[in-house]
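These notes are about the structure you will find just below.
The numbers here are math on the coordinates, done by the rules we state, and not lab data. Just so we're clear, the structure is a prediction, and the values are computed from it rather than from any experiment. Heads up, the Cβs are rebuilt from the backbone with ideal geometry, glycines too, and the neighbour counts pull from every protein chain shown.
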Amino acid sequence: MVERYVMSIDQGTMSTRCILFDHQGRLVSVGQREHEQYFAKPGWAEHDPTEIWSHLRRAVVPRALEGAGIRPEQIAAIGIANQRETTVVWDRRTGVPVGHAITWQDTRTSGYVEELRRTTGDDFFLERCGLSPTTYFSAPRLRWLFDHVDGLRERAERGEVLFGTMESWLIWNLTGGPDGGLHLTDATNASRTMLMNIRSLSWDDELLAYFDVPRAMLPEIRSSAECYGMARALLPDVPICAALGDQQAALFGQTCFAPGEAKCTYGTGSFLLVNTGTELVRSRHGLLTTVGYKVGDEPPVYALEGPIAVTGSLVQWFRDRLGLIHSAPEIETLARGVEDNGGCYIVPAFSGLFAPHWRSDARGVIVGLTSYITKGHLARAVLEATGWQTREVVDSMNADSPRPLRQLKVDGGMTSNNLLMQFLADVLDMPVVRPMVSETVSLGAAYAAGLASGYWPDLEGLRRNWHRAAQWMPTMDPARRDAEYESWQRAVERSLGWARS
Amino acid sequence: MAGPVQSIERAAAILRLLAQGSGRLSLGEVAASLGLAKGTAHGILRTLQSVDFVEQDKATGKYQLGAALLHLGTSYLDINELRSRSINWTDALAARSGEAVRLGVPLEGKVLIVHHVFRPDDTFQTLDVGSLLPLHASALGKILLAYGATPLEPLMETDLESYTRHTLDSPQRLSRALAEIRDTGWAFAAQEMMMGEADIAAPIRGQGGLVVGAVGISGAVDRLSDSKGRPHASLVGLTRDAARAISRDLGAGRW
């Protein structure tokens with residue numbers, strides 16, 4: 001019998017990757033290509049959707065197939081994970097995008113967002129979509145496009161242009177594009193638009209009216225794991241069976257299927273998500289309510305999310321702007337040169353603080369400087385900032401969620417830092433566990449697709465594929481933990497209110 | 001005996017030239033100063049650039065001495081960088097072999113464990129990172145000795161500590177084993193440190209092919225080897241594949 005594989009496509013912020021997984025959930029081959037980042041004005045951040053689709057078709061998928069030495073017929077299903085909230089609008093007839101995609105990092109809508117928080121208030125939005133307005137989400141960007149592209153609103157009304165996040169754009173192209181391409185999204189991605197009702201998982205009439213978005217341009221909202229249709233371009237007759245936002249895909253890849261199970265992905269920023277089951281939990285402590293995943297006809301599983309803006313990027317700043325290390329991993333060597341932080345704390349509020357504070361007027365501070373402090377102490381403070389920011393989010397989760405976290409599953413580049421992982425276990429006072437497959441975003445998309453297509457039988461089967469690669473246990477003295485946390489909180493207070501608008 | 005290699009003489013002259021004065025020269029200046037054709041000078045500069053002995057300024061196109069020259073003599077590879085570059089390959093090795101994976105570098109006459117991936121059976125295990133192994137009684141250590149990553153001489157002068165009846169406790173036995181490792185490209189240690197335990201290891205090479213560490217799997221001797229006491233060829237193959245992949249990531253090139 002010919003061996004079959006599941007393909008995952010991860011359309012990320014920096015690059016697009018294609019990974020093939022085998023039946024044991026092991027990585028078989030990888031194709032990857034970076035794309036251009038466009039920063040036309042301060043605060044703007046765009047991608048070229050045509051470039052991304054062309055990379056996928058010409059380089060990313062062919063390389064993965066070549067690496068594994070297999071033909072498209074050997075692929076059981078395709079799953080897609082994607083950067084969330086990035087907004088694409090394109091012409092239904094020609095397939096040509098209207099300008100570039102406006103990414104989740106783009107803050108051009110900050111004035112508009114402030115205005116609608118002031119005039120309408122958060123509650124109107126929280127009740128309907130579970131989110132309070134920030135520049136993160138898609139709807140304000142769509143509004144911006146209507147206000148700045150002549151005639152776009154009218155063309156949208158007539159159904160001539162289509163809206164989507166990245167998975168919608170790729171699925172539409174994979175299934176034929178202008179020639180009958182499927183226009184759809186999944187509930188996790190739709191939950192980040194501010195246009196979907198978080199309870200009914202359908203487009204919300206009041207939100208559509210509020211943002212003046214015509215229904216004709218919106219994709220159909222489907223389950224995260226469900227066979228949508230066959231690919232026609234690139235991988236003819238291979239079923240596309242999953243789509244999830246990247247952080248939700250990581251939750252799935254870490255097999256956090258039970259309420260109370262949580263994962264944190266440590267990249268440039270970090271994203272902590274906890275499964276809250278079929279119960280929708282509205283946060284009172286600065287977290288976002290979001291759809292975790294929806295498998296087939298089963299009820300949706302919700303999640304609470306705590307995004308942290310600056311974690312890995314603080315290490316990059318330490319390397320590139322201060323030049324104290326040559327490579328990111330070297331920060332551990334520098335930090336191990338000293339016993340502790342020497343009383344020094346760094347709050348990396350480079351563009352304000354995200355969860356749980358949500359303070360755009362915060363700016364970064366380094367406190368506790370004395371003539372005793374060396375670059376080693378600063379290196380410690382850089383790593384500890386990631387630990388304490390995680391602790392703040394975990395505290396919020398435990399305050400909001402009926403089930404307190406018992407352990408944290410981690411993934412992402414920073415998990416190779418042993419000092420940080422031990423510190424994390426120490427300040428959270430719980431085990432921190434790293435899985436054997438660190439590519440959890442891709443794995444999650446593959447799992448969802450494999451589940452929908454019958455390649456894997458059920459969630460329990462997927463759970464059995466998950467293996468522990470490393471585990472860190474808390475060893476810090478509780479009195480010291482409390483004293484350090486108190487110092488961190490005082491440092492955070494000093495970062496607030498620095499920026500004046 | 002063959003005479004001096006001309007291109008190496010010229011490369012040395014270019015490095016000396018860049019080490020003088022302001023230290024930033026254009027291709028034309030380098031070629032003119034040494035009386036070389038521009039094409040010849042460019043070929044040598046490009047090669048020096050590929051091994052990081054020379055850097056080229058992006059804006060001006062001028063050449064200067066590279067960062068790697070500063071570390072010459074210390075053969076410096078940051079252990080945390082090594083772990084970070086290895087992590088995907090060591091995870092894959094653990095998943096495929098079903099055994100624990102460890103990565104070792106030399107430290108003051110011992111093997112320092114810098115990375116450890118659990119055996120993928122979800123039993124309770126603790127991280128070994130930071131622990132030390134004897135050089136002569138582990139496959140990881142024998143790799144470091146065989147390829148000159150750590151000096152052999154100190155071990156040749158005294159009796160070697162005997163942990164079990166299988167430990168290579170004489171300099172002669174150890175030397176013979178190391179010669180065999182250099183022939184085959186991998187090492188095996190069966191019950192040489194602890195009865196019932198074995199490990200298989202292969203060399204990790206850095207830039208220019210220099211061995212900077214060893215990666216291996218460890219576990220019960222009857223899982224790692226057959227009834228005749230030979231390690232399973234498939235496990236040796238997986239270990240060597242992982243070592244090659246890490247070496248490629250570190251810039252060792254083809255070997």
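Of note:
- Chain A - share of DSSP beta bridges that are antiparallel (%, nearest 5): 70 percent
- Residues residue A:463 and residue A:205, FRET efficiency given R0 of 45 Å [Cβ-Cβ distance, rounded to 0.05]: 0.70
- Taking the centroid of alpha carbons for each part, segment A:108-153 and segment A:9-62 are 28 Å apart.
- The spacing between segment B:169-189 and segment B:1-55, judged by their C-alpha centroids, is 41 Å.
- The mean number of partner chain beta-carbon atoms within 10 angstrom of a residue's beta-carbon across peptide B:79-86 is 6.
- Taking the alpha carbon gyration tensor of chain B, multiplying each eigenvalue by 5 and rooting it gives semi-axes of 42, 20, 15 Å, largest first.
- Distance-filtered residues of segment A:422-454 - backbone nitrogen under 12 Å, label point 7 angstrom along residue A:406 Cα→Cβ: A:431
- Highest-fluctuation residue, B:219, B:209, B:35 considered, GNM on chain B with Cα pairs under 10 Å: B:35
- Computed over chain A: relative contact order in percent, which uses C-alpha pairs under 8 Å that are six or more apart: 15 percent
- Spin-label model, residue A:398 to residue A:148: label points 7 Å out along the Cα-to-beta-carbon direction sit 4.3 nm apart.
- Take A:164-171, B:54-61 and order them by the average number of nearby Cβ atoms within 10 Å per residue, most first; the result is A:164-171, B:54-61.
- Cα-only Debye scattering, chain A: base-10 log of I(q)/I(0) at q = 0.06, 0.13 Å⁻¹: -0.26, -1.29
- Per residue of A:156-165, other chain Cβ atoms within 10 Å of the residue Cβ number 0 on average.
- For segment A:1-117, fraction of C-alpha pairs farther apart than 22 Å, in %: 45 percent
- Applying D = kT/(6 pi eta Rh) to segment B:6-71, where Rh is the Kirkwood radius over alpha-carbon pairs, T corresponds to 20 °C and eta to 1.002 mPa s, the Stokes-Einstein value obtained is 185 µm²/s.
- Per-residue 3J(HN,Hα) values for segment A:140-153, derived from phi via the Karplus relation 6.51 cos²θ - 1.76 cosθ + 1.60 with θ = phi - 60°, read x, 5, 5, 4, 4, 4, 4, 6, 10, 10, 4, x, 5, 4 Hz in sequence order (x marks Gly and Pro).
- Helix axis angle, A:440-452 relative to chain A longest principal axis, alpha carbon, degrees: 40 degrees
- Relative contact order for chain B: 14 percent, from Cα pairs under 8 Å spaced at least 6 residues apart, divided by residue count.
- With the convex hull of its Cα atoms as the shape, segment A:233-379 has an orientation-averaged projected area of 13.2 nm².
- The separation of segment B:213-245 from segment B:93-160, counted between C-alpha centres, amounts to 13 Å.
- 0 to 90° range, to nearest 10: angle between helix A:418-428 axis and chain A longest Cα axis: 80 degrees
- Ratio Rg/Rh, restricted to segment B:74-210 and using Cα atoms, in which Rh is the Kirkwood radius: 0.95
- The magnitude of the dipole of segment A:40-159, with charges of +1 and -1 set on the Cβ of Lys/Arg and Asp/Glu and taken from the Cα centre, is near 320 debye.
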